[in-house]
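Got a structure for you, written out below as structure tokens; questions coming shortly.
The values are calculated or read from the model by the stated rules, or taken from the named source; none is laboratory data. These numbers were taken from a predicted model, which means no experiment stands behind them. Heads up, the Cβs are rebuilt from the backbone with ideal geometry, glycines too, and the neighbour counts pull from every protein chain shown. Calculation scope for accessible area: heavy atoms of the full protein, side chains included, ligands and nucleic acids excluded. Shrake-Rupley method; radii C 1.70, N 1.55, O 1.52, S 1.80 Å.
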Amino acid sequence: LLAPIDFFNLYMDDDLVNLTVQQTNMYADQCKMATPNPKKYSFLSTWQPVTSSEIRQWIGLTFLTGLIKKNEVRDYWSTNPLHSQPIFPTVMTRNRYQAIKKFIHGMTILRRQLLMTLTGTICTRFGL
């Protein structure tokens, strides 16, 4: 009998997770270079490279947000006993979740580079 994680892994295999890690970290680095003096406590100034384990955790928590409805993302980390969801702070801090949310990327950078390369090749080939 297959567990839900087995179905997830059919679509989000290690290669795709590692690509997401690479692209997310690359995007965060590009944002850092474009913003030489970020605010002291911004996600950009406190960013640490994401790992494959964190990407999987982030995706899992994001799936849970679809099952457990709250008004705002921060509410999933509420310490109010009437509203708390203990799994969220156990897996990841709210700030880390939001930082990953800000920078998460898949293949957009690679796609853009490929498109630019192909466009340049086509333009050169046809004298455009």
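Would you please name the residue that is least open to solvent (accessible area, probe 1.4 Å), looking only at residues in the range 1-18 that are part of a helix (DSSP H, G or I) and closer than 10 Å to ILE55 by Cβ? Let's see the steps before the verdict.
At the first step, the residues of the range 1-18 found to be part of a helix (DSSP H, G or I) are 4-11, 14-18.
Those left that are additionally closer than 10 Å to ILE55 by Cβ: 16-18.
Details: LEU16: 63, VAL17: 2, ASN18: 83 Å².
Among residues in the range 1-18 that are part of a helix (DSSP H, G or I) and closer than 10 Å to ILE55 by Cβ, the one least open to solvent (accessible area, probe 1.4 Å) is VAL17.
Is there a residue in the range 96-114 that is modelled with pLDDT of 90 or more, hydroxyl-bearing (Ser, Thr, Tyr) and open to solvent by 70 Å² or more (accessible area, probe 1.4 Å)?
Keep residues of the range 96-114 that are modelled with pLDDT of 90 or more, which gives 96-104.
Now drop any that are not hydroxyl-bearing (Ser, Thr, Tyr), which leaves 97.
Applying the additional criterion that residues be open to solvent by 70 Å² or more (accessible area, probe 1.4 Å) yields none.
Within the range 96-114 (the criterion being modelled with pLDDT of 90 or more, hydroxyl-bearing (Ser, Thr, Tyr) and open to solvent by 70 Å² or more (accessible area, probe 1.4 Å)), the answer is no, since none of the residues qualifies.
Filter the range 40-52 down to residues that are in a helix (DSSP H, G or I) and open to solvent by 60 Å² or more (accessible area, probe 1.4 Å) and give me whichever is modelled with the lowest pLDDT.
PHE43
Inside the range 72-103, can you point out the residues that are within 17 Å of the chain's Cα centre (by Cα) and of a type in the set (Gly, Ala, Ser)?
Within the range 72-103, ALA99 is the sole residue that qualifies.
List, please: which pairs have Cβ atoms under 8 Å, are six or more places apart or on different chains, and start with a residue in the range 21-36 that is closer than 19 Å to ARG56 by Cβ and part of a helix (DSSP H, G or I) and end with one that is open to solvent by 60 Å² or more (accessible area, probe 1.4 Å) and among the hydrophobic types (A, V, I, L, M, F, W, C)?
GLN23/MET107; GLN23/LEU110
Restricting attention to the range 1-28, which residues are closer than 12 Å to HIS105 by Cα and not aromatic (Phe, Trp, Tyr)?
Of the range 1-28, the ones closer than 12 Å to HIS105 by Cα are 16-28.
If the condition is that a residue be closer than 12 Å to HIS105 by Cα and not aromatic (Phe, Trp, Tyr), then LEU16, VAL17, ASN18, LEU19, THR20, VAL21, GLN22, GLN23, THR24, ASN25, MET26, ALA28 are the ones that fit.
Can we say ASN37 is open to solvent by 70 Å² or more (accessible area, probe 1.4 Å) and either over 12 Å from the mean Cα position of the chain (by Cα) or at positive phi (or both)?
On the way: open to solvent by 70 Å² or more (accessible area, probe 1.4 Å): yes; either over 12 Å from the mean Cα position of the chain (by Cα) or at positive phi (or both): yes.
Answer is yes for this residue.
Now for a different question. For the range 53-98, enumerate the residues that are of a type in the set (A, V, I, L, M, F, W, C), under 23 Å from VAL21 (Cβ atoms) and in a helix (DSSP H, G or I).
So in the range 53-98, the residues of a type in the set (A, V, I, L, M, F, W, C) come out as 55, 58-59, 61, 63-64, 67-68, 73, 77, 82, 87-88, 91-92.
From what is left, the residues that are under 23 Å from VAL21 (Cβ atoms) are 55, 58-59, 61, 63-64, 73, 87-88, 91-92.
Residues satisfying the conditions are ILE55, TRP58, ILE59, LEU61, PHE63, LEU64, VAL73, ILE87, PHE88, VAL91.
Another question, then. Output yes when any residue across the range 59-79 is modelled with pLDDT of 95 or more and aromatic (Phe, Trp, Tyr), and no when none is.
Yes; the residues of the range 59-79 include at least one that is modelled with pLDDT of 95 or more and aromatic (Phe, Trp, Tyr).
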